[in-house]
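Single-structure report; data block below.
The values are calculated or read from the model by the stated rules, or taken from the named source; none is laboratory data. In this text, all values refer to a predicted model and were calculated from it rather than measured experimentally. Note that each Cβ is placed from the backbone with ideal geometry, even for glycine, and that neighbours are counted across all protein chains shown. Ligands, DNA and RNA are stripped out before the accessible areas are found, and what is left, the full protein with its side chains, is counted by its heavy atoms. Shrake-Rupley method; radii C 1.70, N 1.55, O 1.52, S 1.80 Å.
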Amino acid sequence: MNKQEQDSRIKQVLTDKANGINENAVSFRKIQAAIYEKEQNEMKQGKFSFKNKKKAMIASFCCIALLSGSLIAGTIAKSWIGHGDHRYQTFPTAQKVQKDLGFVPNYVESLPGGFEFVFGGKDESSLVDEQGKSIVDTKGMSLCYAQPGSKDMLTLGVEQIPQQYMTYDHMQVLENTYKGYTFYFDEQMYKFVPADYVLTEEDKNAQAAGTLEISYGSDEVTIEQIQSIWWNDGDIRYYIMGSDFGFTSDEMVEMAQAVIDAN
């Protein structure tokens, strides 16, 4: 599959999923779009790494689970193909997770800050070569949480993946560790703009400084702050991600600790 065909398929998938999106998934659809735009820019500049693409795929998995759809994300020679569902309309039992994933990660029904489980689903992805042959397959799940009365979602994502495919590039390594785990904190401002939006000088300067990412395709101009914390337990990688919550790194560490202590 050449780059033009990959871009066409990605565009069609995003368009199809946007037609049926619900309000709860809007923020994570924007994350997915922002990540795609960033990776496309990096490819044009010769900075692209398929390891970074994998991080992007994981970050977008909650959106995939919410929409019960698929995403195809390509590199020049390799592609990550991912899909998910929202089979967990009630909090899943360990037996159910074991059956679905083949392993039982740490996971919780609630997170510090009053976040309660809403729904979630199983995720799968494969790294394939240009002939479509699988190089590595992964399984995981995304669980989404909200505070009572709020439509804003927080996501706990889990994935079983060989450690050589894990990357925490450009993330802040937190000094405090917990029970031997190292935490990585990421915080980035995203500006979502219409396709015909003309960048201002302020936009260009912030983009050049690395303090702002620009993503095209939204109906109106909005700015969101995406925050996440990442860690891994052997070949199981975890992340907690939210949009515009304004969490401190300490607050996100507290959430990660709650997950680590779950089992």
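Quick check, is GLY121 in a strand (DSSP E or B) and closer than 21 Å to ASP261 by Cα? No, not satisfied. Checked against the criteria, ILE236 counts as among the β-branched types (Val, Ile, Thr) and surrounded by 15 or more Cβ atoms within 10 Å (Cβ to Cβ).
Scanning region 101-127 for residues that are touching a strand residue (DSSP E or B) at 6+ places or on another chain (Cβ under 7 Å), over 14 Å from ILE240 (Cβ atoms) and surrounded by fewer than 18 Cβ atoms within 10 Å (Cβ to Cβ) yields a count of 5. In region 138-175, of all residues being among the charged types (D, E, K, R) and over 17 Å from the mean Cα position of the chain (by Cα), the one that is nearest to VAL118 (Cα to Cα) corresponds to LYS151. In region 184-198, the residue that is farthest from LEU156 (Cα to Cα) out of those that are surrounded by 15 or more Cβ atoms within 10 Å (Cβ to Cβ) and not charged (D, E, K, R) is TYR197. In region 128-168, which residues are free of Cβ contacts under 8 Å to residues at least 40 places away in the same chain, among the hydroxyl-bearing types (Ser, Thr, Tyr) and crowded, with 16+ Cβ neighbours inside 10 Å? Once the filter is applied, which keeps residues that are free of Cβ contacts under 8 Å to residues at least 40 places away in the same chain, among the hydroxyl-bearing types (Ser, Thr, Tyr) and crowded, with 16+ Cβ neighbours inside 10 Å, region 128-168 yields THR138, TYR145.
Of the residues making up region 145-161, those that are of a type outside the set (Val, Ile, Thr) and within 12 Å of GLY242 (Cβ to Cβ) are TYR145, ALA146, GLN147, SER150, ASP152, MET153, LEU154, LEU156, GLY157.
Yes/no per residue for (1) among the basic types (Lys, Arg); (2) touching a helix residue (DSSP H, G or I) at 6+ places or on another chain (Cβ under 9 Å); (3) free of Cβ contacts under 8 Å to residues at least 40 places away in the same chain; (4) crowded, with 18+ Cβ neighbours inside 10 Å:
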residue: THR200; (1), (2), (3), (4): no, no, yes, no
residue: SER218; (1), (2), (3), (4): no, yes, no, yes
residue: TRP231; (1), (2), (3), (4): no, yes, no, yes
residue: ILE240; (1), (2), (3), (4): no, yes, no, yes
residue: MET255; (1), (2), (3), (4): no, no, no, yes
residue: ASN263; (1), (2), (3), (4): no, yes, no, no
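Of all residues in region 205-216, those being open to solvent by 70 Å² or more (accessible area, probe 1.4 Å) and either in contact (Cβ under 8 Å) with a residue 24 or more places away in the chain or among the hydrophobic types (A, V, I, L, M, F, W, C) (or both) number 3.
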